[in-house]
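First up is the structure itself, then whatever we jot down about it.
The values are calculated or read from the model by the stated rules, or taken from the named source; none is laboratory data. As the structure is a computational prediction, the values presented were derived from the model and not from experiment. Cβ atoms come from the backbone with ideal geometry, glycine included; neighbour counts cover every protein chain shown.
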Amino acid sequence: MRAELHLDSLNSLAAVRNLGILAHVDAGKTTVTERILFTTGTIHKRGEVHDGTTVTDFDPQERDRGITIFAAAVSCVWDGHRVNLIDTPGHVDFTDEVERSLRVLDGAIAVFDAVAGVEPQSESVWRRADRHGVPRIAFVNKLDRAGAALDSAVESIRARLHPAPLVVQLPIGAEDAFTGVVDLVRMRALVWPDGGGTAVTGPVPDGLRPEAERRRRALEETVAALHPAALEEFCAPGGRVSDGTLRTVLRELTLTGEGVVVLCGSAYRNRGIEPLLDAVVAYLPSPLDVPAVRGTHQGAELRRAADPEGPFAALAFKVTATATGRLTHVRVYSGTIEKGDTVWDPATGRTERVARILRVMAGRHEPVGRAVAGDIVAVVGPKSARPGSTLCTPDAPLLLEPPVVPDPVVSVA
Ligand code: GDP
């Protein structure tokens, strides 16, 4: 699972997912992140939020307050795909940081609490993600809690966030007895053993078959209403849309934002994380699927597509001081950067040398020789770059588009 991917062809760019996890405080974003790192083999021991041992909440102040203040980027590998996770703060006071993270994401998982449903901060972050055009899938977490109800959480997504929910799972068992899900796309059951981990896959249990069939039809009907071309498939002999077509249409609806694929589980019990990662790979965009980034130079509007052969352009989204030195976390939009290259910051007019390029893994930094369009890495060397700075090649200068002006922050009762 941990084999290094070489990102030097367009084919491998298709295997990158730059992903954020958006949530209201306490919905379980830190636990979901932790379980993703554990499930992908990136960390080998599960951390628990209540012991302060999670790797994404590395700041002592953050551990003390039990909220995610600082965005940390972590890279992991799932099913031949590199997943760069950019942690986004959920607390309403840190919306600038949310805003900056949203600029560099290609897609996101929105985590909801199965008891509380959509909460005010989830709504505010959702609107911001809408403005940045970030495609999302939803994970309804904490299905093990007393009072957890997938259907009412889905209803609150429909009523308050407005995309059509595309519910692709049916829970098996409720609350303390929540043990698995029926995958309504492939019509099979996934049941997690005690302690969570790898699901045991099997046929849909007889007792759940009528309900699973009904929900599968409801999913097909929602998809057909949103995507009339899929209707042709419904009219085919046999009347059932193929699983492959359904997945393709679900991906299209996710990319346009017309629908949101909804999955469920219990991060705490490590149930539901593998299908969530499968959905990230299946439905969320790669850097090749998102529009070219916009910038300007001397009044002219320029665009940079995700092309490793194009002129180098990157956006700094976070700067951290670590034992390794000053790390500038960047999203590379275009071109390739190698260790030793010089970069130009059009805002300061300074040219600086990139001494090292690091991939940020959980709790460690892995030196890499180069980074290409679509990647998220940290560079050591540039001293003047700040969050929001453009780094580009002096031969093809541009200033990447300034951040979208945020809406007034929605206050939370
Ligand atoms: P964040 O604020 O969104 O990062 O949420 P955390 O991951 O810190 O989780 C908040 C609290 O909810 C912690 O006490 C977690 O242990 C707990 N929690 C997270 N996921 C689950 C879950 O699936 N079930 C239950 N019962 N508790 C959970």
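See the values below:
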quantity	calculated
Selection from the range 161-173 of residues that are farther than 15 Å from V262 by Cα and modelled with pLDDT under 95	none
Test: residue in the range 144-157 that is within 11 Å of the ligand (Cβ to nearest atom), surrounded by fewer than 24 Cβ atoms within 10 Å (Cβ to Cβ) and of a type in the set (K, R)	yes
Criterion violated by W126 - all others in (1) closer than 26 Å to D176 by Cα; (2) in contact with a helix residue (DSSP H, G or I) (Cβ under 8 Å, 6 or more places away or on another chain) satisfied	(1)
Subset of the range 279-288 (residues that are outside any loop (DSSP other than H, G, I, E, B), of a type outside the set (S, T, Y) and within 12 Å of the chain's Cα centre (by Cα))	A279, V280, V281
Test: residue in the range 93-101 that is acidic (D, E), farther than 22 Å from V377 by Cα, within 14 Å of the ligand (Cβ to nearest atom) and crowded, with 20+ Cβ neighbours inside 10 Å	no
Residue count for the range 129-143, restricted to those that are farther than 23 Å from D278 by Cα and either buried (at least 20 other Cβ atoms within 10 Å of the Cβ) or among the hydrophobic types (A, V, I, L, M, F, W, C) (or both)	0
Qualifying position, being over 28 Å from F38 (Cα atoms) and either modelled with pLDDT under 95 or more than 28 Å from the chain's Cα centre (by Cα) (or both), among A362, A355	A355
Residue within the range 205-217 that is assigned to a strand (DSSP E or B) and not polar (S, T, N, Q) present	no
Unique match (being within 17 Å of R364 (Cα to Cα), of a type in the set (D, E, K, R), at pLDDT below 50 and within 16 Å of the ligand (Cβ to nearest atom)) among D64, D57	D57
Test result for I21, at negative phi, modelled with pLDDT of 55 or more and either surrounded by fewer than 24 Cβ atoms within 10 Å (Cβ to Cβ) or assigned to a helix (DSSP H, G or I) (or both)	no
Residues that are of a type outside the set (S, T, N, Q) and either in contact with an Asp or Glu (Cβ under 8 Å, 6 or more places away or on another chain) or within 21 Å of R271 (Cα to Cα) (or both), drawn from the range 193-206	P193, D194, G195, G196, G197, A199, V200, G202, P203, V204, P205
D375 surrounded by 21 or more Cβ atoms within 10 Å (Cβ to Cβ), at pLDDT below 95 and more than 22 Å from R17 (Cβ to Cβ)	no
Selected residue (criterion: farthest from V25 (Cα to Cα)) from residues of the range 118-139 that are of a type in the set (V, I, T) and outside any helix (DSSP H, G or I)	V134
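Residue-wise test of (1) part of a strand (DSSP E or B); (2) over 26 Å from I36 (Cβ atoms); (3) touching an Asp or Glu at 6+ places or on another chain (Cβ under 8 Å).
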{"site": "A306", "(1), (2), (3)": "no, no, no"}
{"site": "V319", "(1), (2), (3)": "yes, no, no"}
{"site": "R326", "(1), (2), (3)": "yes, yes, no"}
{"site": "V343", "(1), (2), (3)": "yes, yes, yes"}
